[in-house]
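To keep things clear, I will list the structure first and then write my remarks on it.
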Amino acid sequence: MADHTEVLERIRRKPGVDYPVLAPNLKGFEAARAAGATEVAIFAAASESFSRRNINCSIAESLERFRPVAQAAREHGIKVRGYVSCVLGCPYEGEIAPARVAEVAAALYEMGCYEISLGDTIGTGTAQKTKTMIAACAKRVPIDKLAGHYHDTYGQALANIYASLELGVPTFDASIAGLGGCPYAAGATGNVATEDVVYMLDGLGVRTGIDLARLVDIGQWISGVLKREYGSKAGKALAAKRKR
């Protein structure tokens, strides 16, 4: 977060695109607002152990920190998106009860978050567990206000997205080339590759408005810049097909 002001000042913004900034407390929110952020993100966890190790406070304490952020955002017309970590498993506690996830998601929604992103931080979730968790959250938060954020550590992210789609979840987070990861989980990869998600949605007849070929080009480019192996399975296959 140390360089988010520099990032916001240097990017070329496009109309209709949000550029959210993580705002863990009121000081962070004020810095984000000063840098021109039009949307901020607040992160809670469904695991007490993860919350304490990640942000050095309990779940309840983290929610109290976020309340003034949400209030200040409303006063300045800035959107707030809520995130819940470890919704399908924790590196310290293992299984997480769906009811606990729903409780945290509901608290963020009641604060004024326009959408709640449910994160499988360590990527251990499966389709049935995802459905159970989503169903619990949908009792407390409208289904169209929920989003899926599934890491692909165990190769289950696309299955979890499909399971969520079947229940009516409309929004999913993804990462170009599958970049990212969780430093607390052994072997954890990044969020599901955007290219793989778009390929699946294209196959389902879902119109995303995304040019998959250009997306693959960007994924290969940024992987080269970062000197990382290109992480999209669909992207690798499509790139190889074009070389024939």
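Run down L215, L179, L167, L158 and say which single residue is surrounded by fewer than 22 Cβ atoms within 10 Å (Cβ to Cβ) and without any contact (Cβ under 8 Å) to a residue 40 or more places away in the chain.
L167
The rows are residues; the columns are (1) more than 21 Å from C90 (Cα to Cα); (2) modelled with pLDDT of 90 or more.
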position: L8; (1), (2): yes, no
position: V17; (1), (2): yes, no
position: A35; (1), (2): yes, no
position: T38; (1), (2): yes, yes
position: F43; (1), (2): no, yes
position: A46; (1), (2): no, yes
position: F50; (1), (2): no, yes
position: R53; (1), (2): no, no
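Looking at R74, R53, R33, R67, which is the one that is surrounded by 15 or more Cβ atoms within 10 Å (Cβ to Cβ) and farther than 21 Å from T5 by Cβ?
None of the other options fit; the residue is R67.
So which residues in the range 160-182 are under 11 Å from D120 (Cβ atoms) and either among the β-branched types (V, I, T) or not in a loop (DSSP other than H, G, I, E, B) (or both)?
Passing the criteria: N160, I161, S164.
Can you work out which of the residues in the range 114-125 that are in contact with a Phe, Trp or Tyr (Cβ under 9 Å, 6 or more places away or on another chain) and in a loop (DSSP other than H, G, I, E, B) is nearest to S85 (Cα to Cα)?
So the residue we want is T121.
What's the number of the only condition in (1) over 29 Å from A35 (Cβ atoms); (2) in contact with a helix residue (DSSP H, G or I) (Cβ under 7 Å, 6 or more places away or on another chain); (3) small (G, A, S); (4) surrounded by fewer than 19 Cβ atoms within 10 Å (Cβ to Cβ) that G94 fails to meet?
G94 satisfies all of (1) over 29 Å from A35 (Cβ atoms); (2) in contact with a helix residue (DSSP H, G or I) (Cβ under 7 Å, 6 or more places away or on another chain); (3) small (G, A, S); (4) surrounded by fewer than 19 Cβ atoms within 10 Å (Cβ to Cβ) except (2).
Residues of the range 1-30 being surrounded by fewer than 10 Cβ atoms within 10 Å (Cβ to Cβ) and either of a type in the set (A, V, I, L, M) or under 19 Å from the mean Cα position of the chain (by Cα) (or both), which ones?
Of everything in the range 1-30, those that are surrounded by fewer than 10 Cβ atoms within 10 Å (Cβ to Cβ) and either of a type in the set (A, V, I, L, M) or under 19 Å from the mean Cα position of the chain (by Cα) (or both) turn out to be A2, V17.
The values are calculated or read from the model by the stated rules, or taken from the named source; none is laboratory data. The structure displayed is predicted, hence computed values, not measured ones. Positions of Cβ are generated from backbone atoms using ideal geometry, with glycine treated the same way; all protein chains shown enter the neighbour counts.
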